[in-house]
Each structure stands twice: as C-alpha cells, then as structure tokens.
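Q: Have a look at the structure that comes next, please.
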Amino acid sequence: IIYDGITFQKVATYGPLDISSSSAISVIDGVTVSHCKFIGTGTEQSVGQAIRFYPENQSGAAGTEGKVVRNLVVKNTTIDNFYQGIYTNGAYGVTVEECQISNTGHNAIALQTNTKPAVPAINLGQVKILSNTFDKIGDRIIRLGNVAAGSSFSISGNVATNSGDEDGEVLKAG
C-alpha cells in the first residue's frame, strides 16, 4: 500500500491514517507514506495520532513469524498538530525519514509494545529514524516500548527544537 502526495485533514473524531489488524491471520506488510501532509486539530489526547500502525492481536517476540503489521515507511511527510505523530504497537520494521513533525501533545514517534505478561518484549526488527525535523514536541520525541533481542536501531541526523518532556528527555526505551 502506497500513500503518495495526499493531504489528510483531521475532522472531528476521524483518524487520518489508522491501519490495524485484529486478525492473527491477515498480514499488513509494506505500507509507505510519502510526500503526505497530516493536519490535526490540537494536541489533546482525544485528537489521537496522525498515523497509527497497530496489531490488535499482538504477536510473539521471536522473528517475523506471526508479525501481522510490518514494514512501515514514512518519508518526506509533514505532521502537525496531533496528540502523537506516528504510533505503532508491536510493528516489525519501521522507517521514518526526512519528515517534519511539529506541535504534538505527546510523542512524535512511539514504537510501543504490548505490556501483557505473556509478551514481555517484542522484536521490532530494523528501525530507522533518519534526518527528521522535530519542533514543539510535548513529550519525548522517540518512545520505544519493551524491546527484545533482534531489534536494531539507526537514529541519526535528526534535529529537534523546543521539545522533550519536563525532565528534558527526548528519547526513552523500555
């Protein structure tokens, strides 16, 4: 699935780009968001996320088997005025590159993991957060959940202004 050059304007309770699977059988593999604009209505929690990539039934920690949402790429995209910019939970393989994310009430990029006792940590695969610009992020810019072995991260070339939580943290990992 490729979204290219689309402007998403949040209106009322509409979630601009909510891609999720509640089936352990259906696999969502390979979603690209490129040259898009997401325009939100505020930074309150009720506004939600610009991009949500989420398995309703989270898979196990080993390898890619059972990973029902994987390989999200967000490039050259602008996100402004949301509670969170990009939110994933248990997704395998995420790239965020050359994006501008501004005015969030919470995290700019949240790569979360389910906290169920049966799934203590998740292999997030290869994660790349490269050459992005962040401004007025109301909490940590990057939030990583409980990460398992096998995950790898490349985070470089990013620029942030007026961002971070009350303790000045811009990145936190579980």
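The values are calculated or read from the model by the stated rules, or taken from the named source; none is laboratory data. Note that the structure is a prediction, hence the values are computed from the model and not measured. Note that each Cβ is placed from the backbone with ideal geometry, even for glycine, and that neighbours are counted across all protein chains shown. To get the accessible areas, we keep the full protein, side chains included, count just its heavy atoms, and leave off ligands, DNA and RNA. Shrake-Rupley method; radii C 1.70, N 1.55, O 1.52, S 1.80 Å.
Q: Taking region 154-166 as the search range and keeping residues that are at negative phi and either among the basic types (K, R) or not in a strand (DSSP E or B) (or both), which one is most open to solvent (accessible area, probe 1.4 Å)?
A: E166
Q: Related question: Regarding G150, is this residue surrounded by fewer than 19 Cβ atoms within 10 Å (Cβ to Cβ), free of Cβ contacts under 8 Å to residues at least 40 places away in the same chain, over 17 Å from the mean Cα position of the chain (by Cα) and on the phi > 0 side of the Ramachandran plot? Walk me through it before giving the result.
A: Numbers: surrounded by fewer than 19 Cβ atoms within 10 Å (Cβ to Cβ): yes; free of Cβ contacts under 8 Å to residues at least 40 places away in the same chain: no; over 17 Å from the mean Cα position of the chain (by Cα): yes; on the phi > 0 side of the Ramachandran plot: yes.
No.
Q: So if I check each of R140, R70, which one is without any contact (Cβ under 8 Å) to a residue 60 or more places away in the chain, under 14 Å from the mean Cα position of the chain (by Cα) and part of a loop (DSSP other than H, G, I, E, B)? Explain how you work it out, then say what you get.
A: On the way: R70 fails: part of a loop (DSSP other than H, G, I, E, B).
The unique qualifying residue is R140.
Q: Here's something else I'd like to know. Check off (1) outside any loop (DSSP other than H, G, I, E, B); (2) surrounded by fewer than 16 Cβ atoms within 10 Å (Cβ to Cβ) for E169 and give me the number that stays unchecked.
A: The failed condition is (1).
Q: So, I101, is that one modelled with pLDDT of 95 or more, within 15 Å of the chain's Cα centre (by Cα), open to solvent by 20 Å² or more (accessible area, probe 1.4 Å) and not acidic (D, E) or not?
A: Values: modelled with pLDDT of 95 or more: yes; within 15 Å of the chain's Cα centre (by Cα): yes; open to solvent by 20 Å² or more (accessible area, probe 1.4 Å): no; not acidic (D, E): yes.
When the stated conditions are applied, I101 does not pass them.
Q: If you don't mind, another one. (1) out of contact with any Gly (no Cβ under 9 Å at 6 or more places or on another chain); (2) touching a residue at least 40 places away in the same chain (Cβ under 8 Å); (3) under 30 Å from I39 (Cβ atoms): which one isn't true of T113, the others all being true?
A: Of (1) out of contact with any Gly (no Cβ under 9 Å at 6 or more places or on another chain); (2) touching a residue at least 40 places away in the same chain (Cβ under 8 Å); (3) under 30 Å from I39 (Cβ atoms), only one is false for T113: (1).
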